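Below: the structure, in structure tokens.
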Amino acid sequence: MRAAFAKTLTELADRDPRILLLSGDLGYMALEPFADKHPGRFFNVGVAEQNMVGLATGLAEAGFIPYVYSIVPFAVLRPYEFIRNGPIQHQWPVRIVGVGAGMDYGLNGLSHYGLEDVAVMRVQPGITVIAPADHEQARSALLACWNLPGPTYYRLGKDDKTVVAGLGGRFELGRAQQLREGSDVIIVAMGAVTVEAAAAAETLAKEGISCCVLVVASVSPAPEEDLARALSRFPLAVTVEAHYRSGGLGSLVAEIAAERRLGCRLVRIAVNTQAAGPCGSQAYLYRKYGLSREAIVQTVRQEFREGSR
């Protein structure tokens, strides 16, 4: 999604001189379209993410729309206090862009995993949180939300090639997007791992288990009405996310199901243990932590059969 982000932001910057891009000394082979087209509005702040957010906060107060770009843990966790005390508390339009959601940077080791960012960002009432499923939806989300009055967090994956079948780049703030209809189970997915969830639904359909698949890219504001309507139709709901089990999509769905007194049973597919041990490719880590399409099929199959007894 990095290339789609850089291309779309460059197009927006052509139209609005308030848009700036700040990088924490990364984004090479991704951010060049913006830096080449608007060199006076691109700033490499260096490995100083807290300062980068502080600088962006001042720029936003001065009337600009600054985008700060780094790998998820460095964009969110390292400067978290600065994000809370600056753009969130004052409602300034700073855009936090975290790339490498989940385990996209798996080969770089645990320090580069982004597994708790949604939890810590969505707990803050004053920030929009967006987690696109593919690069087409990332572009749509940026076009839809670039000029919001308050701060926004974009949780992006690295993949600029894979497209989620049936999504077609659809995005609407505060709404969920349905990929396929189903009658037995609803699978609710967030982020780039949606590809695995959609593939699992295809396999399950061949086994006679009909799965509705729903994409939640607008995490905050959450698509509460869409989720409540969908969840009320199924006895079993399964959430899928490349995130720790607590605080992310599964927790969001659990909150809605509980508050609305919905009768569905919820199973959360996520990273259930402290990420540790050998690192590797994203595909390897998906298998290791039960996020691969094969693992999703196995979990849904087992839960569905147990519920049908």
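The values are calculated or read from the model by the stated rules, or taken from the named source; none is laboratory data. The structure displayed is predicted, hence computed values, not measured ones. Glycine gets a Cβ as well: all are built from the backbone with ideal geometry, and neighbour counts include every protein chain shown. Accessible surface areas use protein heavy atoms only, side chains included; no ligands, DNA or RNA. Shrake-Rupley method; radii C 1.70, N 1.55, O 1.52, S 1.80 Å.
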For a quick check, take a GNM of the chain with Cα springs below 10 Å and name the residue from Val195, Val118, Val72 with the largest mean-square fluctuation.
Val195
Name the chymotrypsin sites (Phe, Trp or Tyr not before Pro) in the stretch 1-65 that are in a loop by DSSP and that have at most 15 other C-beta atoms within 10 Å, would you?
Tyr28
Solvent-accessible area of Arg2, probe 1.4 Å, all protein chains present, reported in Å² to the nearest ten, please.
60 Å²
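Might you tell me the accessible area per residue for the chain, computed with a 1.4 Å probe and given in Å²?
Values: 12440 Å² over 309 residues.
Averaged over the residues of the chain, the accessible area is 40 Å².
Output the peptides 161-169, 85-93 sorted from most to least packed, where packing is the average of other Cβ atoms within 10 Å over each peptide's residues.
Result, highest mean first: 85-93, 161-169.
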Any aspartates and glutamates whose Cα falls less than 19 Å from that of Lys158, other than same-chain ones fewer than 8 residues away, would be Asp25, Glu32, Asp104, Glu116, Asp117, Asp134, Glu136, Glu196, Glu241
Specify the angular offset, from 0 to 90 degrees and rounded to the nearest 10, of the alpha carbon long axis of helix 293-308 from the longest principal axis of the alpha carbons in the chain.
40 degrees
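Dividing the alpha-carbon Rg of the stretch 1-73 by 2.2 N^0.38 Å yields what?
Numbers: Rg = 11.4 Å, N = 73, 2.2 N^0.38 = 11.2 Å.
Normalised Rg, Cα atoms only: 1.01.
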Residues with beta-carbon under 9 Å from that of Phe34, excluding Phe34: net charge, scoring Lys, Arg +1 and Asp, Glu -1?
+1
List the aspartates and glutamates whose Cα sits under 12 Å from the Cα of Lys37, skipping any in the same chain fewer than 8 residues away.
Glu11, Asp14
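Give me Rg/Rg_expected for the chain, where Rg uses Cα atoms only and Rg_expected = 2.2 N^0.38 Å with N residues. Each step should come with its number before you reach the end.
Details: Rg = 19.0 Å, N = 309, 2.2 N^0.38 = 19.4 Å.
That works out to 0.98 for the chain.
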Can you pull the percent of the chain's accessible area that's carbon plus sulfur, 1.4 Å probe, other chains left in place?
51 percent
